[in-house]
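Q: For reference, the structure I am asking about is given below.
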Amino acid sequence: MSAKFRLGLLINPYAGIGGSVALKGSDGADIRHQALAKGAKPQAQLRAEQALQLLLPYKDQLEIFTAAGDMGLALCQSLGLNASAIYHPQQTPTEASDTQAALQRMLDNEIDLLLFAGGDGTARDICAVVEAEPDKAITVLGIPAGCKIHSGVYCVTPAAAGRVVEDLLTGKAVSLMDADVMDIDEQAFREGRVRARRFGEMTIPAELQYVQSVKIGGQESDELVLDDIADHVIEQLEPEDLCLMGSGSTVAAVMERMGVVNTLLGVDVVQDQALLANDQTAEQLLAQVAKHNDPERVKLVITLIGGQGHLFGRGNQQLSPALLKQIKRQNILLVASKAKLSALNGRPLIVDTGDADLNRQLCGTIAVITGYHDKVLYRIASPA
């Protein structure tokens with residue numbers, strides 16, 4: 001009988017907790033406390049579960065090494081996966097030091113792959129340990145669970161991470177490659193400035209249909225194109241439309257054309273080219289829609305993340321599944337320059353809302369506003 005696959009599993013229980021309440025990050029105890037006070041619910045366990053569900057048919061082939069409680073063991077036990085807790089957190093809530101200490105124990109146990117759920121901060125914590133132990137070669141794979149996912153070590157969806165591990169378990173020849181670990185200055189992010197920097201690299205399985213690209217930084221520079229896109233969007237809006245304005249510089253250009261203040265990395269609410277509310281949380285957006293006189297008149301203006309193609313689930317967790325289910329597909333106004341679409345090199349757009357049924361409903365082709373009276377059709381992929 002062949003040796004079992006030695007899988008390390010680490011979950012950052014509070015990854016992404018600031019997203020739905022418009023805090024634009026989860027780094028640090030203060031932000032975590034603010035998020036919990038605002039009613040945010042941890043989602044990392046659910047994201048990890050979506051990946052692990054795909055591994056249940058192979059549980060007899062797995063030997064899982066993890067940390068106690070919400071860092072991994074509790075989820076494995078609930079799914080019926082055999083797992084050993086080789087690390088017990090030293091504090092509650094857990095901190096970055098727990099992630100790093102748990103990983104050190106896993107390296108000592110010579111795992112075949114580290115599967116971890118978190119965001120860019122978690123990837124940085126792991127990378128620091130990996131780079132400090134160059135003689136202990138390790139392959140890693142990230143389950144996206146954070147507010148900001150700029151790093152190339154993450155899969156496009158939680159299910160995609162499960163598919164990659166499944167490929168390894170079923171004997172598929174999987175190549176390896178090095179991927180950048182990126183992170184941004186969260187304080188600058190909250191002030192509308194994206195300052196991304198590279199912190200290192202880690203080895204990942206090179207399954208490019210499942211692994212995301214590193215996010216392209218910077219803002220659109222072609223002002224004429226952005227003005228054309230803005231003019232077209234404004235022409236489509238009626239005075240009675242309640243407009244939810246997503247994050248990103250392309251949407252910001254639309255609001256600038258309207259003459260209203262934009263939250264570059266948040267979600268704003270506009271009606272009849274007048275600002276109703278800035279930087280709304282998931283619950284606040286649901287309340288705005290609930291009190292609107294005509295649900296048929298709720299529209300959403302969004303753009304995609306350059307280089308990655310994500311529409312939902314990256315940096316806009318305020319657009320919750322409960323909210324998106326109330327917006328008609330034809331009322332989603334997707335805006336992007338043709339240059340931004342070309343940078344995807346034919347890769348489809350991605351939806352990762354956390355709701356599998358909603359993801360499937362959103363798949364297919366969608367019209368992208370690329371200029372004044374200029375649209376192209378582009379494909380939204382079925383999540384892996």
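Q: Looking at the range 304-322, can you tell me whether even one residue there is in a helix (DSSP H, G or I) and in contact (Cβ under 8 Å) with a residue 12 or more places away in the chain?
A: Narrowing the range 304-322 to residues in a helix (DSSP H, G or I): 321-322.
Filter once more, so that each one left must be in contact (Cβ under 8 Å) with a residue 12 or more places away in the chain: 321-322.
Yes, the conditions are met somewhere in the range 304-322.
Q: When the residues of the range 272-303 are narrowed to those that are among the small types (Gly, Ala, Ser) and not in a helix (DSSP H, G or I), which ends up farthest from Ser320 (Cα to Cα)? Let's see the steps before the verdict.
A: Within the range 272-303, the first condition is being among the small types (Gly, Ala, Ser), and the residues that meet it are 274, 277, 282, 287, 290.
Among the residues that remain, those that are also not in a helix (DSSP H, G or I) are: 274, 277.
Details: Ala274: 24, Ala277: 17 Å.
The selected residue is Ala274.
Q: For residues in the range 272-303 being in contact (Cβ under 8 Å) with a residue 60 or more places away in the chain and of a type outside the set (S, T, N, Q), which is nearest to Ile229 (Cα to Cα)?
A: Once the filter is applied, the top-ranked residue is Val301.
Q: Can you give me the number of residues within the range 75-107 that are in contact (Cβ under 8 Å) with a residue 40 or more places away in the chain and in contact with a helix residue (DSSP H, G or I) (Cβ under 7 Å, 6 or more places away or on another chain)?
A: Pass one, the range 75-107, residues in contact (Cβ under 8 Å) with a residue 40 or more places away in the chain: 75-76, 83, 93-95, 99, 102-103, 105-106.
From the residues that got through so far, the ones that are in contact with a helix residue (DSSP H, G or I) (Cβ under 7 Å, 6 or more places away or on another chain) too are 75, 83, 93-94, 99, 102-103.
The total comes to 7.
Q: Next question, about the same structure. Select from the range 324-381 the residues that are in contact (Cβ under 8 Å) with a residue 12 or more places away in the chain, assigned to a loop (DSSP other than H, G, I, E, B) and among the polar types (S, T, N, Q) and list them in ascending order.
A: Those that are in contact (Cβ under 8 Å) with a residue 12 or more places away in the chain, assigned to a loop (DSSP other than H, G, I, E, B) and among the polar types (S, T, N, Q): Gln326, Ser337, Thr353.
Results for (1) among the basic types (Lys, Arg); (2) within 15 Å of the chain's Cα centre (by Cα); (3) buried (at least 18 other Cβ atoms within 10 Å of the Cβ), shown as yes or no for each residue.
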{"site": "Leu276", "(1), (2), (3)": "no, no, no"}
{"site": "Asp279", "(1), (2), (3)": "no, no, yes"}
{"site": "Leu304", "(1), (2), (3)": "no, yes, yes"}
{"site": "Gln317", "(1), (2), (3)": "no, yes, yes"}
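Q: Every residue in the range 79-93 that is within 17 Å of Ala15 (Cβ to Cβ) and surrounded by fewer than 20 Cβ atoms within 10 Å (Cβ to Cβ), please.
A: We begin by selecting, within the range 79-93, every residue within 17 Å of Ala15 (Cβ to Cβ); these are 89, 91-93.
Hits for the range 79-93 are Gln91, Thr92, Pro93.
Q: Also, quick follow-up: Which helices (runs of 4 or more DSSP H) does the range 75-185 wholly contain that include 3 or more residues that are within 27 Å of Gln318 (Cα to Cα) and out of contact with any strand residue (DSSP E or B) (no Cβ under 7 Å at 6 or more places or on another chain)?
A: Hits in the range 75-185: 158-169.
Q: Output the number of residues of the range 234-250 satisfying the condition of being of a type in the set (A, V, I, L, M, F, W, C), at pLDDT below 95 and outside any loop (DSSP other than H, G, I, E, B).
A: Applying the first criterion (of a type in the set (A, V, I, L, M, F, W, C)) to the range 234-250 yields 234, 237, 242-245.
From the residues that got through so far, the ones that are at pLDDT below 95 too are 234, 237.
Restricting the remaining residues to those that are outside any loop (DSSP other than H, G, I, E, B) gives 234.
Counting residues in the range 234-250 that are of a type in the set (A, V, I, L, M, F, W, C), at pLDDT below 95 and outside any loop (DSSP other than H, G, I, E, B) gives 1.
Q: Please go through the range 290-308 and give me each residue that is more than 27 Å from Met182 (Cα to Cα) and either at pLDDT 95 or above or touching a Gly at 6+ places or on another chain (Cβ under 9 Å) (or both), ordered by number.
A: Kept after step one, since they are more than 27 Å from Met182 (Cα to Cα), are these residues of the range 290-308: 290-301.
Of everything in the range 290-308, those that are more than 27 Å from Met182 (Cα to Cα) and either at pLDDT 95 or above or touching a Gly at 6+ places or on another chain (Cβ under 9 Å) (or both) turn out to be Val298, Lys299, Leu300, Val301.
Q: Considering each of Val269, Val261 in turn, give the residue that is without any contact (Cβ under 8 Å) to a residue 24 or more places away in the chain and either out of contact with any Asp or Glu (no Cβ under 7 Å at 6 or more places or on another chain) or not in a helix (DSSP H, G or I) (or both).
A: On the way: Val269 fails: without any contact (Cβ under 8 Å) to a residue 24 or more places away in the chain.
Of the residues listed, the single one that is without any contact (Cβ under 8 Å) to a residue 24 or more places away in the chain and either out of contact with any Asp or Glu (no Cβ under 7 Å at 6 or more places or on another chain) or not in a helix (DSSP H, G or I) (or both) is Val261.
The values are calculated or read from the model by the stated rules, or taken from the named source; none is laboratory data. These figures come from a predicted structure and were not determined experimentally. No Cβ is skipped: glycine too gets one built from the backbone with ideal geometry, and neighbour counts run over all protein chains shown.
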